[in-house]
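Here the structure comes first, spelled out in structure tokens, and everything after it is commentary.
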Amino acid sequence: MATRRDGIKLSKQQLRLLKPVERINFRVTHGLNWSSRTRRVLTKILSTWGTWWVEFLTSNIVQDHSFANFEKIDPNRAVLLVANHRSFNDQFVIASRLFKFYGAHHNVYFPIRANFFYDNPAGLLVNFIFASGVMYPPFVRDRKRLRWNQTATDLMVELLKQPENMIGFHPEGTRNLGPDPYELLPAKPGCGELIYRANPNVVPVFLQGFPPDAGALLKSNFGGSPPLVHMVMGEPLDLSEFLDLEPSRKTYLKISQKVMTAIMGLAMQEKTIRACIDQARQAAD
């Protein structure tokens, strides 16, 4: 039997692109995420318990800037939250701050590599215990199974056609591990494809990223360190100029590049904010 959820039909051939454990973890996560009743419950848990523990672990080292821009979205369209990618925690902390301000405003999803969260039985438990199942859908790296990634993209497009949903996405496509957080990676076309096909609200964010391991994060947050991370949110982007172009990789890349330009603009704002705060702190000392 193929799996069908709200217009999404996954064939046996598509599901065979996943390894056995991946297939089991996907079926469970997919089923619970596409059940409106279950997803509402999971979103409520995420916006309360999930937000509490993320804020508890990060609130002392994070400052948000211009998050009121989120109020400018069109409520009749879904949200694609686009941010540069410096650390694993980026999207979780942004979403938790939005939950803190606006409650359970949207169902949230974070596409993720299948490693651990889908190819390991423990990954399923971690996903639901700590993230209410939002690490969905999975993407694979195995070149022989890359066709699966188009299926995952199709799932995200369908999610973004429903106004109650929000997806956190990194247009760079991978973590930027370079020494300079202001030197962003080139845009990948995947972000543009989502925008072209679903026309969601597109809300950009820039942040410098978090300490690389849990120990360093805890030490910074509870050790009296000044804020390390400044999250700057921009206004929703108007990308309508691209929506009448022919659907192609070239079009998708143009859209993604426009998004990255907006994020780069926020990076410069963040740099100015950080400099002003540092100057004020030095003057006070």
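None of the figures in this text is laboratory data; all of them are computed from the coordinates on show. On a predicted model such as this, the values are computed, not experimentally measured, just so you know. Neighbour counts run over all protein chains shown; Cβ positions are idealised from the backbone, glycine included.
Numbers at a glance
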item	result
For segment 1-110, size of Cβ-based charge dipole, Lys and Arg +1, Asp and Glu -1, in debye	760 debye
Antiparallel %, DSSP beta bridges [both residues in the chain], to 5	20 percent
Farthest positive-ward along the chain dipole, Cα basis, beta-carbon charges - from 79, 122, 66	122
Which of 175, 16 has the fewest Cβ neighbours within 10 Å, and the rest in rising order	16, 175
Under 5 Å, built H, 5+ apart or other chain: amide partners of residue 113	139
Ranked 240, 220, 132, criterion: other C-beta atoms within 10 Å, fewest first	240, 220, 132
Segment 135-211: radius of gyration over Cα atoms, expressed as a fraction of 2.2 N^0.38 Å	1.21
Charged-residue dipole, Cβ positions (Lys, Arg, Asp, Glu), segment 13-284 about Cα centre, Debye nearest 20	920 debye
Straight-distance crosslink candidates among lysines, where the alpha carbon sits under 16 Å from residue 188 and sequence neighbours closer than 8 are dropped	250, 254, 258
Which of 73, 167 has the fewest Cβ neighbours within 10 Å, and the rest in rising order	73, 167
Percentage relative contact order, the chain, counting C-alpha pairs under 8 Å, at least six apart	25 percent
